[in-house]
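Enquirer: Below are the structure tokens for one structure; questions will follow.
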Amino acid sequence: MPFNSTLPLLVLTLAAGLVGCATLGPVDKPDEASRLATASETMLSSQAWSRGTWEPQNLPGKLATSYEQVQVNGKVCLHAQAESSASMLRRKVVVDPTELGHLKFSWHVPALIATADLTRREGADAPVRVVLAFDGDHDRLDFRTRAMFDLGEVLTGERPPYATLMYVWENRQPREALINNPRTDRIRKIVVESGGTNLGRWLSYERDVVADFRRAFGEAPGRLIGIAVMTDSDNTASSAEAHYGDLTLLSAIGKPL
């Protein structure tokens, strides 16, 4: 699987946030889905985002971010453009935790979202995110979270992951800061880039997925069941642009999965 390349009003609100950031459910905008499916097929043929099917994941009640394959200075990459929008391009996978090793990825961000702040619900936007969804024992979750998961399954036809880990670029929080999602602690973010010093440059990263999950959630990960990229600007009603390079998931012995 080399890919060089988620009641009362309170619960409903929390569920919407959980569904938006963490589920791997169906798309609800046919025209956008058709366009992005075509882009995904092109990415596969270019081997920039190779093997498997990448597909759009729209969020209930949100405008969809545009994702399309482009070439920049001879480099094939994924261009994301958000206009007060939020959606993902994702791929379903099944990787046993004993096989998980490192994740390599790269991105390019020309500008930050000035009013974004991932620690606050009203500012929880980011120009780039790499999203990992994990399975686990849902019976261990508290009643409120299980209720949100039940509602998420009703809304999307798919149960939200047990846990979601995101790698993000944040305006103010320092690198390696750990941020809990303002709506649910089942989504946690690790800041891998902070502030504007490296804007306009291609940046590459390699992360130990198991170690990062243990740090974020305090336990060993379950199966990896999905990976996605996400550029969003809905909470700040703004614009965001980014490019994503190849994503490569490596096994525990360093071989592409």
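The values are calculated or read from the model by the stated rules, or taken from the named source; none is laboratory data. Source: prediction; values computed, not measured. Reconstructed Cβ throughout: ideal geometry from the backbone, glycine too, with neighbour counts over all protein chains shown.
Enquirer: Quick check on region 118-142: of everything there that is of a type in the set (D, E, K, R) and in contact with a Lys or Arg (Cβ under 7 Å, 6 or more places away or on another chain), which residue is surrounded by the most Cβ atoms within 10 Å (Cβ to Cβ)?
Expert: The initial filter retains those residues of region 118-142 that are of a type in the set (D, E, K, R), namely 120-122, 125, 129, 135, 137, 139-140, 142.
Narrowing the set further to residues that are in contact with a Lys or Arg (Cβ under 7 Å, 6 or more places away or on another chain) leaves 121, 135.
Working: Arg121: 13, Asp135: 17.
Here the answer is Asp135.
Enquirer: For region 56-95, name all the residues that are modelled with pLDDT of 95 or more and surrounded by fewer than 16 Cβ atoms within 10 Å (Cβ to Cβ).
Expert: If the condition is that a residue be modelled with pLDDT of 95 or more and surrounded by fewer than 16 Cβ atoms within 10 Å (Cβ to Cβ), then Gln81, Glu83 are the ones that fit.
Enquirer: Exactly one condition in (1) at pLDDT 90 or above; (2) small (Gly, Ala, Ser); (3) within 29 Å of Ala220 (Cα to Cα) is false for Ala22; which is it?
Expert: Going through (1) at pLDDT 90 or above; (2) small (Gly, Ala, Ser); (3) within 29 Å of Ala220 (Cα to Cα) one by one, Ala22 breaks only (1).
Enquirer: Can you confirm whether region 209-224 contains a residue that is surrounded by fewer than 21 Cβ atoms within 10 Å (Cβ to Cβ) and within 26 Å of Cys77 (Cβ to Cβ)?
Expert: no
Enquirer: Continuing with this model, one more query. Just one of Thr231, Thr236 is at pLDDT 95 or above, polar (S, T, N, Q) and not in a strand (DSSP E or B); which is it?
Expert: Every option except Thr236 fails the conditions.
Enquirer: Further question: Among all residue pairs at least 6 apart or on different chains, which show Cβ distances below 8 Å where the first residue, located in region 129-149, is of a type outside the set (Phe, Trp, Tyr) and the second is surrounded by fewer than 19 Cβ atoms within 10 Å (Cβ to Cβ) and part of a strand (DSSP E or B)?
Expert: Ala133/Ile225; Asp135/Ile225
Enquirer: Considering only residues that are in a loop (DSSP other than H, G, I, E, B) and either of a type in the set (Phe, Trp, Tyr) or surrounded by 13 or more Cβ atoms within 10 Å (Cβ to Cβ) (or both), which ones fall in region 199-208?
Expert: Leu199
Enquirer: If you don't mind, another one. Looking only at region 99-136, how many residues end up being of a type in the set (Gly, Ala, Ser) and within 14 Å of Ala86 (Cα to Cα)?
Expert: Narrowing region 99-136 to residues of a type in the set (Gly, Ala, Ser): 101, 106, 111, 114, 116, 123-124, 126, 133, 136.
Of the ones still in play, those that are also within 14 Å of Ala86 (Cα to Cα) are 116, 123-124, 126.
Residues that pass the stated criteria total 4.
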